[in-house]
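Structure, as structure tokens:
The values are calculated or read from the model by the stated rules, or taken from the named source; none is laboratory data. Every value quoted in this text rests on a predicted model; they were computed, and no experiment measured them. Glycine also receives a Cβ, built like all others from the backbone with ideal geometry; neighbour counts cover every protein chain displayed. Side chains included, ligands, DNA and RNA excluded: accessible areas come from the protein's heavy atoms. Shrake-Rupley method; radii C 1.70, N 1.55, O 1.52, S 1.80 Å.
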Amino acid sequence: MAAFLSALAMGLTLGLGLCISAVTNPQKVLNVLDVAGPWDPSLLLVLGSAVVVAFVGFRLTRLMRRPVFAERFQFPQRTDIDMHLFVGPALFGIGWGIGGVCPGPGLQLLVTAPDAALWFIPALCVGFWIGRPHHRRARARAMARAAASTPN
């Protein structure tokens, strides 16, 4: 239960931060990308702040024996760079650049702009459906690697 409440608190904090920083406003997101038009670099400060907080957070995990609500830390084991590392984020970025909406703040459209949600939510579901077979294969490979590296 403590892990659930911790995750809930972190999710609510993230959501509040996204709302305060206006990342949930598609026009604000599009304005940071439009350097030839009404360019608004304020979201770059949000991005920079997120990078600093994540950097400090990851460094602090090195000082801890274990997480507060888990048995062990779960860091990515892969260090190689493959095509999926480029294609997935590129597609995500293109979609975000076209619509000014990413999945988390996009769910807020259901409340704030239902007409936009009529386009965004189905497109999001189609994207998840298209990526599902790849996700299953990647997860199976990761589980096989973890099982192979775990001592018996």
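Some notes on this structure:
Condition check ((1) surrounded by 11 or more Cβ atoms within 10 Å (Cβ to Cβ); (2) within 18 Å of the chain's Cα centre (by Cα); (3) not aliphatic (A, V, I, L, M)) across all residues:
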position	(1), (2), (3)
VAL52	no, yes, no
ARG59	no, no, yes
ALA70	no, no, no
ALA90	no, yes, no
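- Cβ-Cβ distances below 8 Å connect the following pairs, each with a first residue in the stretch 108-134 that is in contact (Cβ under 8 Å) with a residue 40 or more places away in the chain and farther than 15 Å from GLY95 by Cβ, a second residue that is of a type in the set (Ser, Thr, Tyr) and surrounded by 12 or more Cβ atoms within 10 Å (Cβ to Cβ), and a separation of six or more residues or different chains: GLN108/THR24; THR112/THR24.
- In the stretch 119-138 there is at least one residue that is surrounded by 11 or more Cβ atoms within 10 Å (Cβ to Cβ), assigned to a helix (DSSP H, G or I), of a type in the set (A, V, I, L, M, F, W, C) and touching a Leu at 6+ places or on another chain (Cβ under 6 Å).
- Of the set (1) part of a loop (DSSP other than H, G, I, E, B); (2) out of contact with any Ser or Thr (no Cβ under 6 Å at 6 or more places or on another chain), all apply to ASN31 but (1).
- In the stretch 4-14, the condition of being open to solvent by 70 Å² or more (accessible area, probe 1.4 Å), touching a Gly at 6+ places or on another chain (Cβ under 9 Å) and on the phi < 0 side of the Ramachandran plot is met by at least one residue.
- Hey, ALA144 more than 18 Å from the chain's Cα centre (by Cα) and surrounded by 10 or more Cβ atoms within 10 Å (Cβ to Cβ) or not: yes
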